[in-house]
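The values are calculated or read from the model by the stated rules, or taken from the named source; none is laboratory data. Keep in mind it's a predicted model, so treat the numbers as computed, not measured. Methodologically, a virtual Cβ is constructed for each residue, glycine included, from the backbone with ideal geometry; neighbour enumeration extends over all protein chains shown. When the accessible area is computed, the model is the full protein with side chains, heavy atoms only, and any ligands, DNA or RNA have been set aside. Shrake-Rupley method; radii C 1.70, N 1.55, O 1.52, S 1.80 Å.
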Amino acid sequence: MTSLAYYLDYTKAIKNNTKVFEVDNTNFFDSEKTSKPVSLDFDHDGIKDEVAYFSTNGDRTFLKVAKMAADGSIVSVKNGWDSTGYPLELFSDRIVSGDFNNDGYFDDIAVMSDYGGGETRIHVFEGTGSGFVYSNEAQGWWKETGYYANLVGDRIVSGDFDGDGKHNDIAVFIDIILIIQ
């Protein structure tokens, strides 16, 4: 069974002699394959206290949001988007959150999908506060050939790398394979 495990405030836990690492063994995640989780402010309250992740039951892929309570427990899990024909295997470990649509909320999800043959696309799911909009759908926000996303693995992050004050940039580490003959 897949479970959601999370770290609580380390300093507070030591001071109060409580657990630092918690595992939630609820049935939220039974029999589902899940992606890498990311944190975000889905409900627009200014606090990144939700965990978003993709899951699949084999037929459909879901983008779910788990709301966390102040004590670190899971309050609820909401389905924010779902579709058939969107295989989790294309992107499961290449997921980041940020404010990619520049609306002022840290509620968007970007995934780097590997279409094979060197075709890579970045797809963005824009948070609305109640769900997600699959923006620009199958075309994605970025598309490149000759770029192998499978060489990135899970080494993808988001941030403000161009210094414009917006958390809307993505950086990756990619393995370069050099063949010397």
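Of all residues being surrounded by 15 or more Cβ atoms within 10 Å (Cβ to Cβ) and in a strand (DSSP E or B) in region 135-153, which is farthest from the chain's Cα centre (by Cα)? Just the residue, please.
Among residues in region 135-153 that are surrounded by 15 or more Cβ atoms within 10 Å (Cβ to Cβ) and in a strand (DSSP E or B), the one farthest from the chain's Cα centre (by Cα) is Lys143.
Here are some conditions: (1) loosely packed, with under 15 Cβ neighbours inside 10 Å; (2) in a strand (DSSP E or B); (3) modelled with pLDDT of 90 or more. Lys166 meets all but one. Which one does it not meet?
(2)
State yes or no: is Tyr86 touching a residue at least 24 places away in the same chain (Cβ under 8 Å) and more than 18 Å from the chain's Cα centre (by Cα)?
In short, no.
Looking at Lys64, is it under 29 Å from Ile174 (Cα atoms) and not in a strand (DSSP E or B)? Quick ask: steps written out before the conclusion?
Numbers: under 29 Å from Ile174 (Cα atoms): yes; not in a strand (DSSP E or B): no.
No, not satisfied.
Could you please let me know if Tyr86 is in contact with a Pro (Cβ under 8 Å, 6 or more places away or on another chain) and of a type outside the set (A, V, I, L, M)?
Answer is no for this residue.
So in region 45-86, with the set limited to residues that are of a type in the set (A, V, I, L, M) and in contact with a helix residue (DSSP H, G or I) (Cβ under 8 Å, 6 or more places away or on another chain), which one is surrounded by the most Cβ atoms within 10 Å (Cβ to Cβ)?
Ala66
Return the only residue of Ser113, Ser158 being open to solvent by less than 10 Å² (accessible area, probe 1.4 Å), among the small types (Gly, Ala, Ser), closer than 24 Å to Thr34 by Cβ and not in a loop (DSSP other than H, G, I, E, B).
Just one listed residue meets the conditions, Ser113.
Can you tell me which residue is farthest from Tyr147 (Cα to Cα) among those in region 103-113 that are in contact with a Lys or Arg (Cβ under 8 Å, 6 or more places away or on another chain) and not hydroxyl-bearing (Ser, Thr, Tyr)?
Phe106
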